[in-house]
1. Of everything in the stretch 1-10, what is away from the ligand (no atom under 16 Å from the Cβ), in a loop (DSSP other than H, G, I, E, B) and not hydrophobic (A, V, I, L, M, F, W, C)? Give them in sequence order.
2. Please list, ordered by residue number, the helices (runs of 4 or more DSSP H) wholly in the stretch 269-346 having 3 or more residues that are under 28 Å from Gly29 (Cβ atoms) and more than 16 Å from the chain's Cα centre (by Cα).
3. Would you be able to tell me the number of residues in the stretch 184-200 that are farther than 15 Å from Ala79 by Cβ, more than 16 Å from the ligand (Cβ to nearest atom) and not in a loop (DSSP other than H, G, I, E, B)?
4. Go through the stretch 51-71 residue by residue and tally those that are of a type in the set (Gly, Ala, Ser) and surrounded by fewer than 22 Cβ atoms within 10 Å (Cβ to Cβ).
5. Could you give me the residue pairs with C-beta distances under 6 Å whose first residue belongs to the stretch 62-84 and is at pLDDT 90 or above and aliphatic (A, V, I, L, M), whose second residue is surrounded by fewer than 19 Cβ atoms within 10 Å (Cβ to Cβ) and assigned to a helix (DSSP H, G or I) wherever it lies, and which are 6+ apart or on separate chains?
6. For Phe46, which of the numbered conditions (1) within 16 Å of the ligand (Cβ to nearest atom); (2) not in a helix (DSSP H, G or I) fails to hold?
7. Going by what's in this entry, would Gly29 be described as on the phi > 0 side of the Ramachandran plot and within 15 Å of the ligand (Cβ to nearest atom)?
8. How many residues are out of contact with any strand residue (DSSP E or B) (no Cβ under 6 Å at 6 or more places or on another chain) and within 16 Å of the ligand (Cβ to nearest atom) when one looks only at the stretch 272-298?
Amino acid sequence: MIRLYNTLTRKIEDFKPIRKGRVGLYTCGPTVYNFAHIGNLRTYIFEDILRRTLEYSGYNVTHVMNITDVGHLTSDADAGEDKLEKGAKREGKTVWDIARFYTRAFLKDIRALNIKRAQNIVPATSAIREQIAVIKKLFAGGFAYETPEAVYFDVSKFRNYTKLSRQRLEEKKAGARAEVIEDPGKKHPQDFALWFKRVGKFKNHVMHWNSPWGDGFPGWHIECSAISTSRLGQPFDIHTGGVDHIAVHHTNEIAQSEGAFKKPLARFWMHGEFLLVADSKMAKSAGTFLTLQELEKKGFNPLAFRYLVLTSHYRSKLNFTWESLRAAEHSLERVRSFIKTLLSERKKPKHPVSLEKYRSQFDDALKSDLQTPQALSVLWKIISDYNTQSESFDAKKILALLYDFDQVLGLHFTAIKKDAIPETIRDMAMKREVARRNKDWDKADKFRAKIETAGFVIFDTPDGSKLRKKQ
Ligand SMILES: [Zn+2]
């Protein structure tokens, strides 16, 4: 049984899918006006571990993700300008170019991090019809109203509006008041936009469509309600995102979808915690807004970042430092070299120890609300047990087990190849062995030095000497 923390109930609950053997998963996607930062990427890695754990446990997962390419204003509370238009001005391109460029950049990042792509990736601009349909339903149910500037969701009409965030509405009001309330026709400061009309400050908005409320474009939240319901049905099993989505975006999605369809949107709501850079929130001004490209520019393997993310539980804050990334890369390198050792191991013990306990510990860790740090510790236990008593382990079976674990960890274990050792090096190792047997230590040391200068390491084990390429 998989157990997952549900933000809705604030409890760890048994996960039972709505339809046997199948899981509907919706993960909020990026707003494609800039590169994703590593905090965003941490959330996508958490969601990938969730999906892979479900698949590892035998579920068939249908994963849907939106791409926000219109309607997300610079403030989540409907103030400011459209982020895509801001990006277009910044770079002197069209909004469509910006959307295309940063969608590609995002897909490249997730590929580098070995994050499985959702089967359905839906840009908001390709689901306008569905969004209009949901807004119509909200009008029919008395949840929406129109002003000369926009269409809004009336939060006073929806009971339990703050059930996900558990904030008091007054607290939200205080938060909303801090924003500039730009439309005098808005009934309550917490009301949020479903549709912006192409008037006033938006009269030159580049992306626009016809609707029953005039020419304009959708608000940010409605795309997720429309895309999730139309692709997964309602309710579906699991909806995820970053913790910063709880108070506004997900709260509004719930109000829209449940207002329109009179049933819950999703059973489980799961949220990934923040990533901090040197103990503080990432900020462009402080130079701590880091992208995957910047990590790669410094010579890091993207999978080292993935490994680093796995070392902390998704519900804990992760403090990123360059030292922690370096340590993660070092650990990953040690795992890789362990796999190389297994790949070149030829002997087979008569009575190898069973690996079942490791498998079940790994399984238990993931099924307990995705405890990736514990799952990694099982991996390290295997390495240390093997190193102390390699004669009782079947290397090929361990390898098979690690490949199996990698279905969830996603660290590309199966791509690791044995180091090729050239014939000349093998020959020198052989000659060194002969010298050693003859107790000609000087000669043996000379061969060792030659082997090392050539970039290889030779080390002696009870089963004879072994060669490996220098890391
Ligand atoms: Zn969303």
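1. Start the filter on the stretch 1-10 by keeping residues that are away from the ligand (no atom under 16 Å from the Cβ), which leaves 1-6, 9-10.
Within this subset, residues satisfying the condition of being in a loop (DSSP other than H, G, I, E, B) are 1-2, 9-10.
Answer for the stretch 1-10, where residues must be away from the ligand (no atom under 16 Å from the Cβ), in a loop (DSSP other than H, G, I, E, B) and not hydrophobic (A, V, I, L, M, F, W, C): Thr9, Arg10.
2. Working: elements: 292-297, 302-310, 322-344.
Passing ranges, in order: 292-297, 322-344.
3. 2
4. Applying the first criterion (of a type in the set (Gly, Ala, Ser)) to the stretch 51-71 yields 57-58, 71.
Those left that are additionally surrounded by fewer than 22 Cβ atoms within 10 Å (Cβ to Cβ): 57-58.
Going through the stretch 51-71 one residue at a time, the tally reaches 2.
5. Ile67/Thr103
6. (2)
7. Details: on the phi > 0 side of the Ramachandran plot: no; within 15 Å of the ligand (Cβ to nearest atom): yes.
When the stated conditions are applied, Gly29 does not pass them.
8. Residues flagged as out of contact with any strand residue (DSSP E or B) (no Cβ under 6 Å at 6 or more places or on another chain) and within 16 Å of the ligand (Cβ to nearest atom) within the stretch 272-298 amount to 0.
The values are calculated or read from the model by the stated rules, or taken from the named source; none is laboratory data. Note that the structure is a prediction, hence the values are computed from the model and not measured. Using ideal geometry, Cβ is built from the backbone for each residue, glycine included, and neighbour counts are taken over all protein chains shown.
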